[in-house]
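Engineer: Below is one structure. I have some questions about it.
Please treat every number below as a calculation from the coordinates, not as lab data. All figures in this text were calculated on a predicted structure; none of them were measured in a lab. A quick note on method: Cβ atoms are made from the backbone with ideal geometry, for glycine too, and the neighbour counts reach across all protein chains shown.
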Amino acid sequence: MDEKKEQLQKKYNSYVKEVTPTHNLWANMAKAFVTGGIICTLGQLILNTCIKYGLDKDTAGSWCSMILVLISVVLTGFNIYPSIANWGGAGALVPITGFANGVAAPAIEFQKEGQVFGIGCKIFTIAGPVILYGIFSSWVLGLIYWIGKMWGWF
């Protein structure tokens, strides 16, 4: 009986090994580097163009962020950004464009369920935890800073 279980376990293990995709870490890092580099280069191009047309650095930075988010949302709407993110991995998901994709993709996917139960309920399924924990950690750090100021630590 044990021999039969052992053979089944070996067959199962070989099957799992056969169907499990293998990933090349160095290739994935190179793809992420190239993808992130292209996004950052595009951002720098937008920033330089805005400054060239007379905007100050802060306003140019705001325009750069808005344009990158717009490009990401439009590419998500045409189902192009998911392919970029699939190829580029973290290089496409870490910048602000990835966050915009994370908000836009569920809204587009669930729009057929209506404004409230589709878009309204699902729009922050991916980005919601990032926003929640970002706000919460900011509050905690602000509280620590306030207490530290009161006690003379800072």
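Engineer: Per-residue HN-Hα couplings for the range 73-79, Karplus 6.51 cos²θ - 1.76 cosθ + 1.60 at θ = phi - 60°, whole Hz, x for Gly and Pro?
Structural biologist: With coefficients 6.51, -1.76 and 1.60, one gets 5, 5, 5, 5, x, 8, 6 Hz.
Engineer: Report the equivalent ellipsoid semi-axes for the chain in whole Å, largest first, defined as the square roots of five times the eigenvalues of the gyration tensor built from alpha carbon atoms.
Structural biologist: Equivalent ellipsoid semi-axes, largest first: 39, 26, 21 Å.
Engineer: About its Cα centre, how strong a charge dipole does the chain have in debye, to the nearest 20, once Lys and Arg get +1 and Asp and Glu get -1 at the Cβ?
Structural biologist: 120 debye
Engineer: Please compute, for the alpha-carbon atoms of the range 10-58, the extent along each of the three principal axes and give them in descending order in Å.
Structural biologist: 68, 16, 12
Engineer: Using +1 at the C-beta of Lys and Arg and -1 at the C-beta of Asp and Glu, which of Gln111, Gly152, Val19 has the Cα lying farthest in the positive direction of the dipole of the chain?
Structural biologist: Among Gln111, Gly152, Val19, the one farthest towards the positive end of the dipole of the chain is Val19.
Engineer: I'd like the distance separating the alpha-carbon centroids of the range 96-143 and the range 11-40, in whole Å.
Structural biologist: So the separation of the two Cα centres works out to 27 Å.
Engineer: Continuing with the same structure: Hey, which lysines would be in cross-link range of Lys4, C-alpha to C-alpha under 22 Å, not counting anything within fewer than 8 residues on its own chain?
Structural biologist: Lys4 reaches Lys17.
Engineer: Go ahead and estimate [θ] at 222 nm for the chain from helices alone: -39,500 (n - 2.57) per DSSP H run with n ≥ 4, summed, over the residue count, rounded to 500.
Structural biologist: Counting only the DSSP helices, I get -25000 deg cm²/dmol.
Engineer: Related question: With a point put 7 Å past each Cα toward its Cβ, work out how far Leu132 is from Met66 in nm, to one decimal.
Structural biologist: 3.1 nm
Engineer: Here's something else I'd like to know. Which of the lysines could a cross-linker bridge to Lys122, judged by Cα under 26 Å and excluding same-chain residues fewer than eight apart?
Structural biologist: Within the straight-line cut-off, Lys122 pairs with Lys112.
Engineer: Is the shape of the range 61-112 rounded, prolate or oblate, going by the alpha carbon gyration tensor and its root eigenvalues a ≥ b ≥ c, with a/c under 1.5 for rounded and a/b larger than b/c for prolate?
Structural biologist: Verdict is oblate for the range 61-112.
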